[in-house]
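These notes concern the structure reproduced below.
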Amino acid sequence: MFLEVRELSFGYGNMLIPSLRGLSFGIEKGEIVGIVGPSGSGKSTLLRLIAGFERPLEGSIVLDGITVAAKDVYVPPESRNVGMVFQDYGLFPHMTVRKNIEFGLRRLKGEERAMRANEMLAMAQMENFPSRYPYELSGGQQQRVSLMRALAPRPRLLLLDEPFSNLDADLREIMCKDVKTILEKEKITCLFVSHDQRDVNAVCSRIITQTY
Amino acid sequence: MKRSFSCIRNPWIFTHRLSVVSVSLPFIFLAIQAAAPANENWLHIRGWLLQTYVLDTLLLTLSGVFIASMIGVPLAWITCLFAFPGKYFIEWALVLPLAIPPYISAYIYYHLMGYTGGFQAGLRTFLGLDVNRFGFDIPPMPFAVFIFAVTLFPYVYLIVKAFLKHQSASLYENTRLLGRGAWSSFFGVFLPLMAPSIAGGATLVAFEILSDFGVTSHFGIHTFSTAIFSAWFGMSDADSAAKMSVMLLGAVFTLAAFNKLAQRTLKYRIVSSKERALLPRIPSRRVGLACTFFCVLVLLFSVIIPVGQLFSWLTLSWNQELLPRLWQNARNIVSSALAATSCTMILAVGTVNATRLFPSKPNLALAQFATIGYSVPGAVLAMGVISLFSFISRAGASFGIHDLFDISRTTAMLIFAYAVRFFAIGYHAVESGFSKVGNIYGEAARTLGAGPSETFFRVEMPLIRNAIISGFVLVFVDIMKELPLTMILRPFNFNTLGTSVYDFAKNEIMEEIALPAILIIAVCAAFIAIASLLDKSYSAARPEVRRGER
């Protein structure tokens, strides 16, 4: 298994009932897996645990053969090489589209970095807008830039947290197709969380249903 | 790789711990000094004076808080509810009293009401009335209460107004639809909801009154703060001053605990998910004019009369020869304030970011503890700092390093004390900036491979820049106005604009206070305006930031 989640439990400090209890599943390399479930079932929490923003109460997370979270093990988010697309995109408002995409590429040299950024801009169909700021973009454009920014450093695993929830129905359908094409082209392992079964059906090859 | 909690290896945790230790040490040393055996002075104070200190402090604080709330709450209510004539200017101008230190207002009004003051002189000159001069001898206590009320009401006004601005319009509309008038809505629905905000503002007013030295010493009121000064300067008795400081500290902590309790027990949760903001409506002509009259009356007593009197004195006292000395005093306070504000903001930014990166309960509790300096009266903190630096000085001498932080020669003590006292202001400004931006940008940066420090400097700091500048400005303004700490901890022959005003007033050379007082007020007013603008532009001009809020 490329990603193995074993007996994972987590609860926020002020909650009596844990948001996740004894969750286990695995993902093969290159798979695009969807997680669906109602609001409050712990889908986003699961992604935050895999990304490293939260530490599990019990259980472990193994990524590409390396334990990244367990009882006495914690690898910080910046060292996990996991990309994430947030529900609100999280584009840095003080940086242009190009600067946003280049943010995760600082280990590359100047020319190499520019080439990778250009590649991402082309894939996002944003070649003409590299100098725009996020607030100058439409919802769909912001979504694409956010996806390209996450993909640019070639993460081992990509996490998508309700990426289409802020888009209207027509744009949502187009974006689902675009995202699927991009993910397959990049051959990236992906975990996609949504409360909408249609989004997950359109993008993912396998679905896990999360309940309370 | 394991997460490192070592404070040496992690600069954020190191800064967090440094803030906590810096704030704790003066209080630890103060407690040690207060535990010294009772001497003759203390027996005298306890036997003959302590009761007066307790009663005067209580009476002054409770009355001041009550009157300030009676001004601040109605002002907040009418500015939120009604679009009366002049509202937009008045709403802004009502913050200006914060730029006028209470001691400056006290000196001005004391002089104004005297025989040669503007009020009696005006009656004689313009109306030909030779009034009984003793009729204007206002007792010190009500006079001081008036001064505190007209200078400190903005604390209540601002906090209650901020609360009301976030209330749903449907609350007010429903009370009206259910047959209640504006007054009935205020007393029946909004006053209970506002109770925690009023308690919050009133607590700040109480802290300011307990900390005051300038007003109470001028009016000869025997509060704990003036008593600590008398013990230290009059009797050179640090032990007795420390004992009274600990007692006052106990009172302050009790007050803070009451405030916490009020915040917890009086707070209601709004259950509606869709809220429409309470927007001001155009009132009837009579109500509108009454609102304007009330606001202008408050501004008249709190800003227009004091500032007008200062300018009138300035025309009498303008003297080029005074400028070099004043310039030196201004340089003293500006350089100390800049140094202390920079230290404060570095500690505040580091501490807030540490609590975000490592949000454990102990870390959050310790960070909250580090903010107590603001609630501690200046005189109490000064005694703690003296105890601490005396120890350091003695310890230095025992290792052969003499004159280490010599009390009479260096401003290090003063700068340290300013940083401890005003850390809370910087901390809350930075915390508020972070809460507006949310965690999403930081988390996005971390998934893109940036470490905590790189995330802060490249992503979060540019986004909370205005909050940091705003905190810097507010800390700087408070240091400019500060008097008790400066009076006790300043090195020999080190004067500031505030101490100049105090010295001139003490020697009854009232005209001479004009220039330094105007300088203090002008700098504070300008900086408050900058902070207010930054706060507004920060909230309004960045829709993309608001969208990221969680």
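Inverting the mean 1/r over all pairs of different Cα atoms, compute the Kirkwood radius of the protein assembly as shown and quote it in Å.
Details: mean 1/r = 0.0338 Å⁻¹.
Radius from the Kirkwood sum: 29.6 Å.
Mind listing the long-range amide H neighbours of A:ARG206? Cut-off is under 5 Å, sequence gap 5 or more, other chains count too, H placed in the peptide plane at 1.01 Å from N.
For A:ARG206, the qualifying residues are A:ILE32, A:GLY34.
At q = 0.11, 0.16 Å⁻¹, work out log10 I(q)/I(0) for chain A with the Debye formula, treating every Cα as an identical point scatterer and leaving solvent out; two decimals please.
Values returned for q = 0.11, 0.16 Å⁻¹ are -0.52, -1.08.
Under a straight-distance cross-link criterion of Cα-Cα below 17 Å, which aspartates and glutamates are reachable from B:LYS165, leaving out those fewer than 8 residues away in the same chain?
Hits, sequence-local ones excluded: B:GLU91, B:GLU173, B:GLU275, B:ASP535.
If r is the Cβ-Cβ distance from B:LEU322 to B:LEU533 and R0 is 35 Å, what FRET efficiency results, to the nearest 0.05?
The calculated FRET efficiency here is 0.60.
Using the basic label-point model (7 angstrom from Cα toward the beta carbon), what is the B:LYS361 to B:TRP183 distance in nanometres?
Reported label-point gap for B:LYS361 and B:TRP183 is 4.9 nm.
Grab the DSSP H runs of the protein assembly as shown that are 4 residues or longer, score each as -39,500 (n - 2.57), total them, divide by all residues and round the 222 nm result to the nearest 500 deg cm²/dmol.
-19000 deg cm²/dmol
Give me the aspartates and glutamates in straight-line cross-link reach of B:LYS243: C-alpha distance below 19 Å, same-chain residues under 8 apart excluded.
B:GLU40, B:ASP56, B:ASP212
What figure in square angstrom, to the nearest 10, would you give for the accessible area of B:TRP92 with a 1.4 Å probe?
B:TRP92 has an accessible surface of roughly 110 Å² with all protein chains in place.
Past the 23 Å Cα-Cα mark, which pairs from B:LYS161/B:LYS436; B:LYS481/B:LYS506; A:LYS99/A:LYS177; A:LYS29/A:LYS177?
Working: B:LYS161/B:LYS436 19 Å; B:LYS481/B:LYS506 17 Å; A:LYS99/A:LYS177 26 Å; A:LYS29/A:LYS177 21 Å.
Too far apart for the 23 Å limit: A:LYS99/A:LYS177.
In straight Cα distance, which aspartates and glutamates are under 16 Å from B:LYS87, not counting same-chain residues fewer than 8 positions off?
The reachable aspartates and glutamates, counting only those whose Cα sits under 16 Å from B:LYS87, number zero.
Would you please state which residues of segment B:313-335 a label at B:ASN493 would reach in this model, taking the label point 7 Å out along Cα→Cβ and a backbone N cut-off of under 16 Å?
Answer for segment B:313-335: B:325-326, B:328-329, B:332.
Could you work out how far apart the two model spin labels at A:GLU28 and B:ALA38 are, taking each label as a point 7 Å from the Cα in the direction of the beta carbon, and quote it in nm?
Here the answer is 8.5 nm between the modelled labels.
Quantify, in whole percent, the carbon and sulfur part of the accessible surface of chain B (1.4 Å probe; protein heavy atoms only).
On the way: 16730 of 25020 Å².
Solvent-exposed carbon and sulfur of chain B make up 67 percent of the total.
If contacts are Cα pairs under 8 angstrom and at least 6 residues apart, what is the relative contact order of chain B in percent?
Working: 722 pairs, mean separation 123.2, N = 550.
Contact order relative to length: 22 percent.
Given 37 °C and 0.692 mPa s, how large is the Stokes-Einstein diffusion coefficient of segment B:264-405 in µm²/s, with Rh as the Kirkwood radius over Cα pairs?
Once the numbers are plugged in, D ends up at 145 µm²/s.
Bin all alpha-carbon pair distances of segment A:91-153 at 10 Å intervals from 0 and give each bin's fraction as a whole percent.
26, 61, 13, 0
Taking Rh as the Kirkwood radius, which is the inverse of the mean 1/r over Cα pairs, what is the Rg/Rh value for segment B:318-550?
Working: Rg = 20.6 Å, Rh = 19.7 Å.
Checking Rg against Rh, the ratio lands at 1.04.
Just the number, please: buried accessible area between B and A, total of both chains, 1.4 angstrom probe, nearest 100 square angstrom. Walk me through the numbers before you get to the answer.
Numbers: alone 26370 and 10830 Å², together 34530 Å².
Result for this pair: about 2700 Å² buried.
Can you give the alpha-carbon Rg of chain B over 2.2 N^0.38 Å, where N counts its residues?
On the way: Rg = 24.7 Å, N = 550, 2.2 N^0.38 = 24.2 Å.
Here the answer is 1.02, to two decimals.
Give, as ranges by residue number, the residues of segment A:35-52 whose backbone N falls under 19 Å from the point 7 Å along Cα→Cβ of A:ASN201.
Answer for this model: A:35-39.
Using a 10 angstrom cutoff on alpha carbons, build the Gaussian network for chain A and name the most mobile of A:SER194, A:SER79, A:SER60.
With Cα springs under 10 Å in chain A, the top fluctuation among A:SER194, A:SER79, A:SER60 is at A:SER79.
Per residue, how many Å² of accessible area does the protein assembly as shown show with a 1.4 Å probe? Can you show the working numbers first?
Numbers: 34530 Å² over 762 residues.
Computed with neighbouring chains in place, this is 45 Å² per residue.
Under a plain spin-label model, where a point goes 7 Å from the Cα along Cα-to-Cβ, how far apart in nm are B:ILE509 and B:GLN263?
Spacing of the two 7 Å Cα→Cβ label points: 4.6 nm.
Over all directions, average the projected area of the Cα convex hull of segment B:192-292 and note it in nm².
Numbers: hull surface 42.8 nm².
Orientation-averaged projected area of the Cα hull: 10.7 nm².
Using +1 on the beta carbon of Lys and Arg, -1 on that of Asp and Glu, and nothing else charged, what's the dipole of segment A:91-153 about the Cα centre, debye to 20?
Details: 10 positive and 6 negative charges, 44 e Å.
I would put it at about 220 debye.
How about segment A:64-103: which of its residues lose at least 50 Å² of accessible area in the presence of all protein chains relative to their chain isolated, using a 1.4 Å probe?
The answer is A:TYR74, A:GLU78, A:PHE86, A:ASP88, A:PHE92, A:PRO93, A:HIS94, A:PHE103.
Tell me, in nm to one decimal, what length is gained between B:ARG281 and B:ALA395 on full extension, where the rule is 0.36 nm per residue of separation less the Cα-Cα distance?
Working: separation 114, 0.36 × 114 = 41.04 nm, distance 6.56 nm.
Extra length available between B:ARG281 and B:ALA395 comes to 34.5 nm.
In Å, what is the Rg of the alpha-carbon atoms in segment B:39-317, and how long is Dmax?
Cα only, segment B:39-317: 22.0, 69 Å (Rg, Dmax).
What length, rounded to one decimal in nm, is gained on full extension from B:ARG46 through to B:TRP92, with 0.36 nm per residue of separation minus their alpha-carbon distance?
Values: separation 46, 0.36 × 46 = 16.56 nm, distance 4.66 nm.
Difference between extended and current length: 11.9 nm.
Give the calculated FRET efficiency between B:PHE294 and A:TYR12 to the nearest 0.05, with a Förster radius of 41 Å applied to their Cβ-Cβ distance.
Details: r = 47 Å, r/R0 = 1.15.
Rounded to the nearest 0.05, the efficiency is 0.30.
The values are calculated or read from the model by the stated rules, or taken from the named source; none is laboratory data. Just so we're clear, the structure is a prediction, and the values are computed from it rather than from any experiment. A quick note on method: Cβ atoms are made from the backbone with ideal geometry, for glycine too, and the neighbour counts reach across all protein chains shown. SASA here: full protein model, heavy atoms, side chains in, ligands and nucleic acids out. Shrake-Rupley method; radii C 1.70, N 1.55, O 1.52, S 1.80 Å.
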